[in-house]
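Enquirer: One structure coming up, written as structure tokens, with questions to follow.
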Amino acid sequence: MARTVVVILLTLVLVGAARAQKKSIRLPEDNPMAQLKPGPGAEATHDHCFICHSTDYIVRQPRLDAKHWQAEVNKMIKVFGAPISESDAKAIADYLAKNYGTQ
Amino acid sequence: MASVAAGAGIWARGTPGGPGLAWAADANPLLAGRPLVRYPQKTDLILLTSRPPQLETPMKYFEQAITPNDAFYVRYHIYPPTEVDLSTWRLKVGGHVEHPIELSRDDLQGKFTRASVAAVNQCSGNGRGYFSPRVFGGQWANGAMGNAHWSGVRLRDILTTAGVKPGALDVTFDGLDEPASPSIPDFVKSLSVSRIMDDPDVLIAYQMNGQPLPLLNGFPARLIVPGWYSTYWVKNLSQITVLDHAFDGFWMRKAYLIPDTPCGCVEPGTAPAHAVPITRMKVRSFIISPEDGARVRVGRPITLKGIAFDAGYGIEEVAVSTDQGESWRRAQLGRDLGNYSFREWSFDWTARRAGVYRLMVRATNRAGESQATEPLWNPAGYMRNVIEHVDVRAE
């Protein structure tokens, strides 16, 4: 009996030590208050950009012109390696310029 | 369209405009619409982006020279690790060395001389949101910085133990963070061997303000490069590789570049002819109290407080102007925690008449480097260090 208690206590101590060795966190899901505006190209924009970053990265950008958005989409593909086809890239750049560009 | 589930976790606390959710600021347009969020091991911080996690420290924390661990800002480029098991985690040191080694955290703590430094960690793009003309990128206000006592092991001691072979040139640093897709470059940075061997303050830190680092600030160990922008301070470190050639990885050759000009700046809106990797921080200073938009009483003395820092020469002088920069008077410097640290300052002042006052602060370091009235500009929005101000109303 006493031996069983010792074994159980020892097990608890070991489990506790193992747990102290491990640190884990759970990250919150994406900010739901940063949804993209609806419109042509919104789906392509969401689905491709979503691979790497949440939409708050998009909606919080300054309102720059179509040329800047085109360059930004190109940068994501050519520099950061985003897997986006040429036609999708155009749809995305057009959508961003229209919805998040200069008025 | 894929949708993101709302209403769970931290988002359950409220909806825009509704009760329960705290907002970063109503007065600062840059912070408008950005909620305060509480991530694991962190207190309420200002959300920049949720994925990758980028969280900004509210300015009130900078009234003290040391930033609490739970208030320290967070910035990842790719996905941070969500679990670290110290029983299996090893810091691997290899490449162009005599003896490749693998160090556990116990090895780091027990087998090397402990070293500490108080040092500012500041994002290259801190203050990018204030650039004019505006630039793309994380639209940080000024809270992508913090100062802590970092403790760990001198990197040069680790390299000496591994035995750097003749001809070694650069050393690369990789952490446990991972890109979302294999086509995206892993976050790897480099320092030259001479930069490491000449500087006893370049550390592998396993403690931050006497505690293990929060996971989102680099647990179990991160690189500390005092005086240099935090792009070099690789978090959740796992691999150190010594190279016999210059490192030409993405994050050194394509990202984090500044114009190759003395100021690191160009004519606003133009592109630089040549670009080089960003390194040393510029001199900065801030008024933290009173905060922008505060009301003060005519005839009642108050104490202005804030911090100043540079890249390691140390702060020589902090000066304050209460008349839009016409005249400047010296502030009192607080305790000296070391050349790489935030330096607290204070300044006693009484508003003599009713109206709006623009309070400005300007620091100068021991090398004579200071801050300008006109902001510098570069296409990536790096190295902001203009003279900052707050406006207060005296009544």
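Enquirer: Take the cross-link list B:111/B:254; B:189/B:282; A:37/B:282; A:22/B:254 and give me the ones stretching past 27 Å between alpha-carbons. Can you show the working numbers first?
Expert: Values: B:111/B:254 37 Å; B:189/B:282 20 Å; A:37/B:282 39 Å; A:22/B:254 35 Å.
Long pairs (Cα-Cα over 27 Å): B:111/B:254; A:37/B:282; A:22/B:254.
Enquirer: Add -39500 (n - 2.57) for each DSSP H run of 4 or more in chain B, then divide by its residues: what number comes out at 222 nm, to the nearest 500 deg cm²/dmol?
Expert: After summing the helix terms and dividing by the residues of chain B, the value is -1500 deg cm²/dmol.
Enquirer: Need the C-alpha centroid separation for region B:131-153 versus region B:200-254, integer Å.
Expert: Here the two parts' Cα centres lie 16 Å apart.
Enquirer: Further, regarding this structure: Sequence-distant or interchain residues sharing an amide H contact under 5 Å with residue B:73, placed H: which?
Expert: Placed amide hydrogens put B:57, B:145 under 5 Å from residue B:73.
Enquirer: Considering only protein heavy atoms, what per residue accessible area in square angstrom results for chain B with a 1.4 angstrom probe?
Expert: The answer is 40 Å² per residue.
Enquirer: For chain B, which whole-number percentage of the solvent-accessible area (1.4 Å probe, protein heavy atoms only) is attributable to carbon and sulfur atoms?
Expert: Numbers: 7550 of 15790 Å².
That fraction is 48 percent.
Enquirer: Related question: What is the mean number of Cβ atoms from other protein chains located within 10 Å of the Cβ atom of each residue in peptide B:173-181, rounded to a whole number?
Expert: Working: counts 0, 0, 0, 0, 0, 0, 4, 5, 6.
Shielding by partners across B:173-181 averages 2.
Enquirer: Which value, in Å² rounded to 10, gives the accessible area of residue A:53 with a 1.4 Å probe and all protein chains present?
Expert: In the full protein context, residue A:53 sits at about 30 Å².
Enquirer: Same structure, new question: Would you kindly derive the ³J(HN,Hα) couplings of region B:79-88 from the backbone phi angles with the Karplus curve 6.51 cos²θ - 1.76 cosθ + 1.60 (θ = phi - 60°), listing them in order in whole Hz, with x for Gly and Pro?
Expert: The phi angles translate into 7, x, x, 10, 8, 10, 10, 5, 6, 10 Hz.
Enquirer: Across peptide B:84-96, how many C-beta atoms of other chains are within 10 Å of each residue C-beta, on average? Let's see the in-between values first.
Expert: Numbers: counts 5, 5, 5, 5, 2, 3, 0, 0, 0, 0, 0, 0, 0.
For this peptide, the per-residue mean of nearby foreign Cβ atoms is 2.
Enquirer: Could you derive backbone 3J(HN,Hα) for region A:74-88 from the dihedral phi with the Karplus parameters 6.51, -1.76 and 1.60 (θ = phi - 60°), listing whole Hz in sequence and x where the residue is Gly or Pro?
Expert: Whole-Hz 3J(HN,Hα) from phi for region A:74-88: 4, 4, 4, 7, 7, 8, 8, x, 5, x, 10, 6, 4, 5, 5.
Enquirer: Another question, then. If you wrap a convex hull around the alpha carbons of the protein assembly as shown, what volume per residue comes out, as a whole number of Å³?
Expert: Per residue, the Cα convex hull of the protein assembly as shown comes to 195 Å³.
Enquirer: Taking θ = phi - 60°, what integer Hz values does the Karplus form 6.51 cos²θ - 1.76 cosθ + 1.60 yield along region B:367-382, in sequence order, with x for Gly and Pro?
Expert: My calculation for region B:367-382 gives 9, x, 6, 9, 10, 9, 7, 9, x, 6, 9, 8, x, 8, x, 9 Hz in order.
Enquirer: For chain B, with a Gaussian network of springs between Cα atoms less than 10 Å apart, report the residue from B:269, B:175, B:146 with the top mean-square fluctuation.
Expert: Sorting by GNM fluctuation, first place goes to B:269.
Enquirer: Using a Förster distance of 41 angstrom, determine the FRET efficiency expected from the C-beta separation of residue A:26 and residue A:79, and round it to 0.05.
Expert: The computed FRET efficiency comes out at 0.85.
Enquirer: Non-local amide H neighbours of residue B:189 (under 5 Å, H modeled in plane, Pro and chain starts lacking H): which ones?
Expert: When sequence neighbours closer than 5 places are left aside, the close amide H contacts are B:173.
Enquirer: Please give the FRET efficiency for residue B:116 paired with residue B:85, using the beta carbon to beta carbon distance and R0 = 25 Å, rounded to the nearest 0.05.
Expert: So, using R0 = 25 Å, E works out to roughly 0.40.
Enquirer: Here's something else I'd like to know. I'd like the distance between the alpha-carbon centres of region A:37-63 and region B:161-180, rounded to an integer number of Å.
Expert: Here the answer is 35 Å between Cα centres.
Enquirer: Just by accessible area at a 1.4 angstrom probe, what is the order of B:130, B:229 from largest to smallest?
Expert: Ranking B:130, B:229 by accessible area, largest first, yields B:130, B:229.
Enquirer: Just name one of B:167, B:331, B:312: the one whose Cα is farthest towards the positive end of the charge dipole of chain B (beta-carbon charges, Lys/Arg +1, Asp/Glu -1).
Expert: It is B:331, whose Cα lies furthest towards the positive end.
Enquirer: Once ligands and nucleic acids are excluded and a 1.4 Å probe is used, how much of residue B:376 is accessible, expressed in Å² to the nearest 10?
Expert: 30 Å²
Enquirer: Moving to a separate point now. At 7 Å along Cα-to-Cβ for each site, give me the label-to-label distance between residue B:289 and residue B:391 in nm.
Expert: Between residue B:289 and residue B:391, the label points sit 2.4 nm apart.
Enquirer: As a test of the definition: with a 1.4 Å probe, what buried accessible area, both sides summed, do you compute for A against B, in Å² to the nearest 100?
Expert: What A and B bury together is about 4000 Å².
Enquirer: What does the accessible area of residue A:102 come to, in Å² to the nearest 10, when a probe of 1.4 Å is used?
Expert: Roughly 80 Å² of residue A:102 is accessible to a 1.4 Å probe.
Enquirer: Next question, about the same structure. Ranked highest first by the average count of other Cβ atoms within 10 Å around their residues, in what order do B:150-158, A:31-39 fall?
Expert: B:150-158, A:31-39
Enquirer: Rounded to the nearest 0.05, what FRET efficiency is calculated for residue B:369 and residue B:248 with R0 set to 30 Å and r the Cβ-Cβ distance?
Expert: The pair residue B:369/residue B:248 has a calculated efficiency of 0.50.
The values are calculated or read from the model by the stated rules, or taken from the named source; none is laboratory data. This structure is a prediction, so every number in the text was calculated from the model and none was measured. With ideal geometry, Cβ positions are generated from the backbone for all residues, glycine too; neighbour counts draw on all protein chains shown. Note: areas computed on protein heavy atoms with side chains; ligands, DNA, RNA excluded. Shrake-Rupley method; radii C 1.70, N 1.55, O 1.52, S 1.80 Å.
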